[in-house]
Structures are given as C-alpha cells and as structure tokens.
Amino acid sequence: MSLRQRQFIMIATASIWCTVCTPYSRADGPYRLLKEIPVGGDGGWDYLSIDESARRLYVTHASKIVVIDMDKEQVVGEI
C-alpha cells in the first residue's frame, strides 16, 4: 500500500471518527484532520474497503455503499 493510500485512509477514518466523536470529547492527540470529504445521507458508518487497482474507497453507510475516488478525493457514486 502506498504512502498516499495510507494517508487517504487515515484522513477518511479521522473524518468519520471526528464527526461521530466530536460532540462527546475534545481530547488533544497526535492525530489531526487534514481534509474532509462530504458524503451526505443519514445513518451510521460501518466498514471501509480499498480497491487498490481501481483507486477506489468503498464505505458502507446505512443501507448503501459510498464510492470515493482516491485520486480526486471526492464521492463518485453509490451502490
């Protein structure tokens, strides 16, 4: 896995984590939010999966899967 992919996963995970946990705690730590990719919709987040050859991040969200282009850093579709 390349450095850029690791950074993107960290950013996506931090974004989701910050969205969920910000109202409950504001502890300072070694991580910081670099970029947020808005995906919209209601419901909770479950799992992340990467297709390295297609450069896509798949994020389960309630009853759908959001597809994020890792190069453009934006949502490109839903399943």
Considering residues that are at positive phi and touching a residue at least 24 places away in the same chain (Cβ under 8 Å), the number found within region 56-79 is 1
When every residue in region 28-79 that is aromatic (F, W, Y) and open to solvent by less than 100 Å² (accessible area, probe 1.4 Å) is compared, the one farthest from Q7 (Cα to Cα) is W45
Per the list (1) open to solvent by 70 Å² or more (accessible area, probe 1.4 Å); (2) at pLDDT 75 or above; (3) hydroxyl-bearing (S, T, Y), residue check on T19 breaks on (2)
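The values are calculated or read from the model by the stated rules, or taken from the named source; none is laboratory data. These numbers were taken from a predicted model, which means no experiment stands behind them. FYI the Cβ positions are ideal-geometry reconstructions off the backbone, even for glycines, and counts take in every protein chain you see. Calculation scope for accessible area: heavy atoms of the full protein, side chains included, ligands and nucleic acids excluded. Shrake-Rupley method; radii C 1.70, N 1.55, O 1.52, S 1.80 Å.
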